[in-house]
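Report on the structure given below.
The values are calculated or read from the model by the stated rules, or taken from the named source; none is laboratory data. Because the structure is a prediction, the values reported are computed rather than measured. Reconstructed Cβ throughout: ideal geometry from the backbone, glycine too, with neighbour counts over all protein chains shown.
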Amino acid sequence: MVKHLLEYTQQMEPNLQYSLLLILGLLITEVIRSWSLALTWALNYRTGVRLRGAILTMAFKKILRLKNIKEKSLGELINICSNDGQRMFEAAAVGSLLAGGPIVAILGMVYNVVILGPTGFLGSAVFILFYPAMMFASRFTAYFRRKCVAVTDERVQKMNEVLNYIKFIKMYAWVKAFSQTVQKIREEERKILERAGYFQSITVGVAPIVVVIASVVTFSVHMILGYDLTAAQAFTVVTVFNSMTFALKVTPFSVKSLSEASVAADRFKSLFLMEEV
C-alpha cells in the first residue's frame, strides 16, 4: 500500500477514487495489524496466568505430600513458588512472540526482492543473521540465571534461619555477624544481576541499529551495481524494515524469558520428582 501511495503522489493527473481506495486500504491493514497484535497479547497473558496458576497449584499440593524436604532447603522451595512461577508466566506471555520473527523476516525478504531485485536479499540477510546471534545470547542468559538462582536460594535460606532463631541471635549478640553474612550474599547476587543486566542491555540496544545497517547496506549495494532507485522503492523498503523491527525488538525479551523458563522448569521438575508420603 505504501508503494502504491508513493507512486500515486508522483503522478501528474489526480484520481480521487483511486486515492481514496489507497487510503482506505492503508487504514484497514493498520486496523487489522493493531487488532491482531492486541489479540495476541491478550491470549498470551491469559495463557501465562493459567500456566502460572496451574503449576503453582501442583507445586503446593506436591509440597504438602512430601515425605521430607531434605533434598531441598526451605528457602529454595519458597524461591521456586515465588520466583520461578513468574518466570513461567513470562515465558508464556512473551516467549511465543519469538516464533513470529522468522516468519516476518522471510516475508519481508520476499517482498524486498520483489521491489528491488536480488539486492533485496542483503538487507533481509542482516535481519536473519540477527536471530542466531540471539540464540547464542540465550545461552549466556541461562548461565546468569542459574548462578543467580543458586545465590538467591542461599539468601532466602539464610533469612529464614535469621527469622526462626532471632531470639538466640539477639541473646548471643550475633546480629552483626549474621548481618554481614546476608550482606555478602546480597552483594554477590547484585553483581550477577548487574552482569546479566549489562548483557541484556547490549542485546536490546542492538535491535534498533539493525534497521539502519540493513537500509544502508541494501541501498549502497543497489546503487553500486547500477540499479535505479526511486523514492517509492526506497521508502517502501524502509517501511518493510520498520515492520520487521518489532520482531527484532521483542526477540531479546523472548529469548531471555525462554532461557529463564528453562531453568525454572528444571527446578519444578526436580520438585515434582521428590518422594511423597
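Would you please name the residue that is farthest from the chain's Cα centre (by Cα), looking only at residues in region 205-234 that are farther than 18 Å from ALA125 by Cβ and surrounded by 14 or more Cβ atoms within 10 Å (Cβ to Cβ)?
Checking each candidate, the answer is LEU229.
Taking the condition surrounded by 15 or more Cβ atoms within 10 Å (Cβ to Cβ), on the phi < 0 side of the Ramachandran plot and at pLDDT 80 or above, does VAL151 pass?
Yes: the conditions hold for VAL151.
Can you tell me which residue among GLN180, GLN200 is of a type in the set (S, T, N, Q) and surrounded by fewer than 12 Cβ atoms within 10 Å (Cβ to Cβ)?
That would be GLN180, the only listed residue that is of a type in the set (S, T, N, Q) and surrounded by fewer than 12 Cβ atoms within 10 Å (Cβ to Cβ).
In region 198-251, what count of residues is obtained for those that are in a helix (DSSP H, G or I) and charged (D, E, K, R)?
1
If you go through region 83-118, how many residues are closer than 30 Å to HIS222 by Cβ, of a type in the set (Phe, Trp, Tyr) and surrounded by 20 or more Cβ atoms within 10 Å (Cβ to Cβ)?
Residues that pass the stated criteria total 0.
Given ILE69, ILE115, ILE78, which one is modelled with pLDDT of 80 or more and among the β-branched types (Val, Ile, Thr)?
ILE115
For region 142-149, state whether one or more residues are without any contact (Cβ under 8 Å) to a residue 40 or more places away in the chain and under 25 Å from ARG195 (Cβ atoms).
Yes: region 142-149 contains one or more residues that are without any contact (Cβ under 8 Å) to a residue 40 or more places away in the chain and under 25 Å from ARG195 (Cβ atoms).
Quickly run through region 192-217 and pick out the residues that are closer than 25 Å to TYR143 by Cα and of a type outside the set (Val, Ile, Thr).
Result: LEU193, GLU194, ARG195, ALA196, GLY197, TYR198, PHE199, GLN200, SER201, GLY205, ALA207.
Anything in region 18-50 that is under 18 Å from the mean Cα position of the chain (by Cα) and surrounded by 12 or more Cβ atoms within 10 Å (Cβ to Cβ)? List them, or say none.
Scanning region 18-50 gives LEU37, THR40, TRP41, LEU43, ASN44, TYR45, ARG46, THR47, GLY48, VAL49.
Can you name the residue in region 81-93 that is over 16 Å from SER259 (Cβ atoms) and of a type in the set (Gly, Ala, Ser) and is also modelled with the lowest pLDDT among such residues?
SER82
When you go through (1) under 22 Å from ASN44 (Cα atoms); (2) in contact with a helix residue (DSSP H, G or I) (Cβ under 7 Å, 6 or more places away or on another chain) one by one for ALA99, which number turns out not to apply?
(2)
When you scan region 16-105 for helices (runs of 4 or more DSSP H) that lie fully inside it, which ones turn up with 2 or more residues that are of a type in the set (Ser, Thr, Tyr) and in contact (Cβ under 8 Å) with a residue 40 or more places away in the chain?
Once the helices (runs of 4 or more DSSP H) in region 16-105 are filtered for at least 2 residues that are of a type in the set (Ser, Thr, Tyr) and in contact (Cβ under 8 Å) with a residue 40 or more places away in the chain, what remains is 16-64.
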